[in-house]
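The values are calculated or read from the model by the stated rules, or taken from the named source; none is laboratory data. Please read these numbers as outputs of a predicted model, since none were measured by experiment. When we count neighbours, we look across all protein chains shown, and the Cβ atoms used for this are built from the backbone with ideal geometry, even at glycine.
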Amino acid sequence: MLTSNDGVRVRIYLVVVVLLGLFVYVGIRLYYLQIIRHDELYEKAKRKYTAVHTKTGKRGEIRDIDGHLLVGNVPISQVVVDPCNVDSGIMEEKLARLMKSYFGLDLNETRSNLKQKTRQRQKEDGSNETVKRRYALLVKEISYEDAEKFEKILKVNDIRGVTFPEGYKRFYPKDQLMANVLGFIGGGGIETARQETTRPETAREKYETDLSGIKLPYGMGSRKHARDGDHVYLTVSEPIQSIVEEELDKVMEKWKPLTAYAIMADPRTGNIMAMAQRPTFNPNDRRNMDSEAWRVRAIEDSFEPGSVMKPLVVTGALDMGIITPHTMINCENGTWFYGGRSMRDTHPAHMIPVSDVIKHSSNIGTAKIGMMLGKENLNRILRSFGLGSRSGIPIKPETRGQFMQVKDWDGLSITRFPIGYGVGVSPVQMLRAYCALADGGNLRKLRLIDRIEDPETGEIIQIPIEEPVKLYHNFAAANQIVDMMAAVTGPDGTAFRAAVPGYKVAGKTGTSRKWIAEEKAYSYRKSYATFAGFVPVHNPAFVLVVVVDEPKGSIYGGVVAAPAFREIAVRTLRFLDIKPDPESIPLDGATQAHNVAPATSGGTRTRPRSSSAQRTASPAATKRGKQFVPLHENYYRRGYQQDH
């Protein structure tokens, strides 16, 4: 018989067993949660109470060769909301109306955006889970001042959950200066070509938050430094670029062409000193930008160069010893029939020396020199100057131009190619070829990027100047062709308007009539007017090519492009402080108005033209650009007039 003590004992045993069972269960459960499922539950907890903030550094700057800023960054703010913190319909309505009033956002779209409190997120196993939506971008870009004002308005209206993270946007302090070459991200130019260089690193900061999503001042977290992108220094000089663009604006105003280009380079390094085109655009405001305005047409497009081609052909013949400056050429008194087609010269002559062929820009004389060379030699010479190949400029797309293989030439090609018809070149290709003429036959790759700078360490990576390809075997040809080209800008040359008082200028005019596909003929009204040259003759400070597309009022390179060359040269020589050449012949007439004041310091440089000495530099598949219509055999039908 059980006593009361036994009953108590039994109840105690039962309680002990139950408690032991609970302890065992709790222990097993804790083991299961803390040991077996620890990693899984810990990750879930972190996702719930840990926030991740992404911060991106500044994109690298683009500067000219002397460090002047061309492309930079300006700080901006964004308007970001945590929809879960806008926790009432009244607050949602207030915020939506404020966003419409201050930033012009659509009222209904903002309401819908604020009501989306959750979103779907993919788990590691591939399934989806519903999580709170803690981020919504309302306004991508506002100024710091506007952000501060709007933040005060939100406090007055007791609206929570809105933040103003800081960022940067691209800024072009010179507006349209060099806009086409600089470009913009996704829109060509250096910005696109070097975006991997200037692209900043993105850093992720992790931190713990409370239930409302506010960052806790304590707790675990991690933070990584957001590295800025590298700075790019171009070979361009901003002051010279400004000179070129100002003079190009005058060309546009006076001659009303479709487009105009002016490109300048140092022949001893291949450095592009300036590159401008019109029309252009302002990269700070691209809302009404013309679809063609941002293209780098001096690199992408090709044209028939006309008589600026002639010095290349004559140089090749001089180098091979086929001719000398005194070789007499029969220019047929200004009219020559060959292969059933006619060719004409503006200045009729019978027997003239090769030097006068260049001086008076004889089509017939140059064509006959081409025939003396023969197809294979003519093809080799023109290609050796870079025709039919890319220049080395680090901008895409770049055209190769149009230069057919010898097997595709017809009976008249050998007479038309030497005078710049039937061949398509880009302005930068012609610039590169003239740099070789100016530097004693040294063909260099054109350079647009001088160096790269790491903003964190200050380390500079200099882009090397590659060794040139030496074109000449007969080095006397270097001086001979330059002397001939210097006569072109003399008082009785075709480019006397390009002469710069106090300096000897070497160059060549080009007037090429445009092929009209619909008419299957060359136009007498539409043309390219070109001048390419360098100064001073004996030690060129720069090579400059000016191309004007369809000028109104005159079609001739000597009338339209040569004066633009002169004005740019006068101002650039002053800026570079190049002393006048004491051997230069004083000019009379209209050009006296453009006398250049003597430089205040330094001496005339006397490096021989054939020297390869270099100036010390400061610290995906390419698609073809627009080109002239492939030429029909009828391009031989009409005779060609001489440059003026």
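Got a sec? Which strands (runs of 3 or more DSSP E) wholly within segment 272-357 have at least 3 residues that are surrounded by 20 or more Cβ atoms within 10 Å (Cβ to Cβ) and modelled with pLDDT of 90 or more?
272-278
Tell me which residues, restricted to segment 63-97, are surrounded by 20 or more Cβ atoms within 10 Å (Cβ to Cβ) and in a loop (DSSP other than H, G, I, E, B).
Listed by number, the residues that qualify are Asp64, Ile65, Asp82, Val86.
Give the residues of segment 405-429 that are touching a strand residue (DSSP E or B) at 6+ places or on another chain (Cβ under 7 Å) and on the phi > 0 side of the Ramachandran plot, sorted by residue number.
Gly420 - this is the single residue of segment 405-429 that is touching a strand residue (DSSP E or B) at 6+ places or on another chain (Cβ under 7 Å) and on the phi > 0 side of the Ramachandran plot.
Leu258 versus (1) closer than 24 Å to Asn379 by Cα; (2) touching a strand residue (DSSP E or B) at 6+ places or on another chain (Cβ under 6 Å); (3) surrounded by fewer than 24 Cβ atoms within 10 Å (Cβ to Cβ): which is the lone unmet condition?
Status for Leu258: all satisfied but (1).
Restricting attention to segment 487-506, does a residue exist that is surrounded by 21 or more Cβ atoms within 10 Å (Cβ to Cβ), farther than 30 Å from His326 by Cβ and not β-branched (Val, Ile, Thr)?
Checked segment 487-506: no residue is surrounded by 21 or more Cβ atoms within 10 Å (Cβ to Cβ), farther than 30 Å from His326 by Cβ and not β-branched (Val, Ile, Thr).
Mind checking which residues of segment 157-175 are of a type in the set (A, V, I, L, M, F, W, C) and either surrounded by 17 or more Cβ atoms within 10 Å (Cβ to Cβ) or at pLDDT below 90 (or both)? Break it down stepwise before answering.
First pass over segment 157-175, keeping only residues of a type in the set (A, V, I, L, M, F, W, C): 159, 162, 164, 171.
Within segment 157-175, Ile159, Val162, Phe164 meet the criteria.
If we scan segment 121-133, do we find a residue that is within 30 Å of Met289 (Cα to Cα), part of a strand (DSSP E or B) and modelled with pLDDT under 90?
No, the conditions are met nowhere in segment 121-133.
Out of the residues in segment 20-62 meeting the condition of being outside any loop (DSSP other than H, G, I, E, B) and closer than 30 Å to Glu456 by Cβ, tell me which one is modelled with the highest pLDDT. Steps first, answer last, please.
Taking segment 20-62 and keeping what is outside any loop (DSSP other than H, G, I, E, B), we get 20-36, 38-56, 62.
Among the residues that remain, those that are also closer than 30 Å to Glu456 by Cβ are: 50-56, 62.
Working: Thr50: 63, Ala51: 60, Val52: 60, His53: 61, Thr54: 68, Lys55: 71, Thr56: 75, Ile62: 97.
Only one residue tops the list, namely Ile62.
Could you tell me whether any residue of segment 417-428 is under 19 Å from Asp483 (Cα atoms) and among the hydroxyl-bearing types (Ser, Thr, Tyr)? If you could, list the steps in order and put the result at the bottom.
Residues of segment 417-428 that are under 19 Å from Asp483 (Cα atoms), as a first pass: none.
The answer is no, given that none of the residues of segment 417-428 is under 19 Å from Asp483 (Cα atoms) and among the hydroxyl-bearing types (Ser, Thr, Tyr).
Restricted to segment 258-271, and to residues that are among the hydrophobic types (A, V, I, L, M, F, W, C) and assigned to a strand (DSSP E or B), which residue is farthest from Ile481 (Cα to Cα)?
First pass over segment 258-271, keeping only residues among the hydrophobic types (A, V, I, L, M, F, W, C): 258, 260, 262-265.
Right, trim to assigned to a strand (DSSP E or B) and you get 260, 262-265.
Values: Ala260: 27, Ala262: 23, Ile263: 22, Met264: 20, Ala265: 20 Å.
If we take residues in segment 258-271 being among the hydrophobic types (A, V, I, L, M, F, W, C) and assigned to a strand (DSSP E or B), then Ala260 is farthest from Ile481 (Cα to Cα).
In segment 388-423, which residues are basic (Lys, Arg) and either farther than 15 Å from Ser302 by Cα or not assigned by TED's automatic domain parsing to the domain that holds Lys375 (or both)?
Lys407, Arg416
If a residue has to be of a type in the set (D, E, K, R), over 23 Å from the mean Cα position of the chain (by Cα) and surrounded by 20 or more Cβ atoms within 10 Å (Cβ to Cβ) to count, how many in segment 395-439 make the cut? Steps first, please.
Narrowing segment 395-439 to residues of a type in the set (D, E, K, R): 396, 398, 400, 407-408, 410, 416, 432, 439.
Narrowing further to those that are over 23 Å from the mean Cα position of the chain (by Cα): 407-408, 410, 416, 439.
Narrowing further to those that are surrounded by 20 or more Cβ atoms within 10 Å (Cβ to Cβ): 416, 439.
Total meeting the criteria: 2.
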